[in-house]
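Step one of this worksheet: look at the structure below.
We did not get these values from a lab; they are worked out from the coordinates using the rules stated. It should be emphasised that the depicted structure is a prediction, and the values quoted were computed from it without experimental measurement. Cβ placement follows ideal geometry from the backbone for every residue including glycine, while neighbour counts extend to all protein chains displayed.
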Amino acid sequence: MAEYSEVYRRANYYDIAFARDVTREVDFIVDEFRRIAGRPLRTLLEIACGPGYHTRGFARRGVETFALDIYPEMVAFARDKADAEGLKGIHWIAEDMRTFKLDRPVDAAIAMYDAIDCLLEADDVVEHFKNVAQNLVPGGVYVLEFTHPRDTSINNYGSFHYAAERNGTKVKVNWAINRPEADPLTQIFDVETVLRVTEHGKETVIVDRAKERLFTAPELVALTKLSKVFDVAGCYGDFVPGLRIDNSARSRRMIFVLQKRKES
């Protein structure tokens, strides 16, 4: 399981570099759940929640939310952010996405920002799907976000750069500085990332490395069928209702929406 432990444990720096407005994404998921389930979304699990952007977004909408991340540092940081807003109805969990168990099933789960690319074996993905399904109500929904295949493919991982400043702290993240090549059999990249932080006149350089698995759309469909607990309810090119994934400029991401089989 890929773990950028040196980057992810520095939650404050991560948040400076990657913070984004997720209002549109929350709206899409709320509307998509209503379309599929025929009722309002009341409870949700964010898997690999990081700083809790979506968790806080759903909490603002009155959705009871469970926020899960393997790193206690991220969970603590996200909790502090939510507490500072006075948000209620959030349950914080520091556990592995492969083995967690909620105290009761929820309506929906989400895994954003390529969160499941750390599941390197097909069996890991299938078992993850089964575990998520066990924590969803019958007919529950699982939404997964991936990088568009145009931007990362087995022949070209691409390079990604992020930079931001907050309260005098400058953070730069250069992802995939080693120009990784995928193993053609496993679709796994060995990716090196550099985090540079400048604060109080001092620069700190943190180098991290982990393995990431590339998922294609047909493979995700096959793994979903193999799990026998989900069906594909939609595949979109962005958080836009009805926008089918294609190669147009409008299609910027790969969004899979799965629905738990009612007999599972």
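Just a few scattered comments:
- Exposure proxy ranking for 43, 23, based on other Cβ atoms within 10 angstrom of each Cβ and starting from the fewest, stands as 23, 43.
- Three-way shape call for the chain based on the alpha-carbon gyration tensor, with the a/c threshold at 1.5: oblate
- Residue 95-residue 221 pseudo-label distance in nm [points 7 Å out on the Cα-to-Cβ vector]: 3.3 nm
- Considering only alpha-carbon pairs that sit under 8 angstrom and 6 or more positions apart, the relative contact order computed for the chain is 19 percent.
- Projecting the Cα positions of 175, 201, 191 onto the charge dipole of the stretch 160-212 (unit charges on Cβ atoms of Lys, Arg, Asp and Glu, taken about the Cα centre) puts 201 furthest along the positive direction.
- Cα gyration tensor category, rounded, prolate or oblate, for the stretch 160-212 with a/c compared to 1.5: prolate
- Taking the fewest neighbouring Cβ atoms within 10 Å as the starting point, the ordered list for 211, 262, 228 is 262, 228, 211.
- Unit charges on C-beta of K, R, D, E only; dipole of the stretch 160-212, Debye: 280 debye
- For the chain, DSSP calls about 70 percent of its internal beta bridges antiparallel.
- Cross-link pairs 211/260; 211/262; 172/211; 101/228; 101/262 - those with Cα-Cα distance over 24 Å: 211/260; 211/262
- The residue among 70, 86, 157 whose Cα reaches farthest toward the positive pole of the charge dipole of the stretch 13-162, with charges on the beta-carbon of Lys, Arg, Asp and Glu, is 86.
- 15 Å Cα-Cα reach of residue 170 towards aspartates and glutamates, excluding residues that sit fewer than 8 places from it in its own chain: 15, 199, 203
- Summary of the geometry: the stretch 73-150 and the stretch 4-38, compared by the centres of their Cα atoms, lie 11 Å apart.
- Based on alpha-carbon atoms, the Kirkwood radius and the radius of gyration of the stretch 146-251 give Rg/Rh equal to 1.08.
- In terms of surrounding Cβ atoms within a 10 Å radius of their Cβ, 148, 128 rank from fewest to most as 148, 128.
- Environment charge of residue 134, counting only residues whose C-beta is closer than 10 Å and scoring Lys/Arg +1, Asp/Glu -1: +3
- For the stretch 34-85, the Cβ-based charge dipole about the Cα centre amounts to some 500 debye (Lys, Arg positive; Asp, Glu negative; other atoms uncharged).
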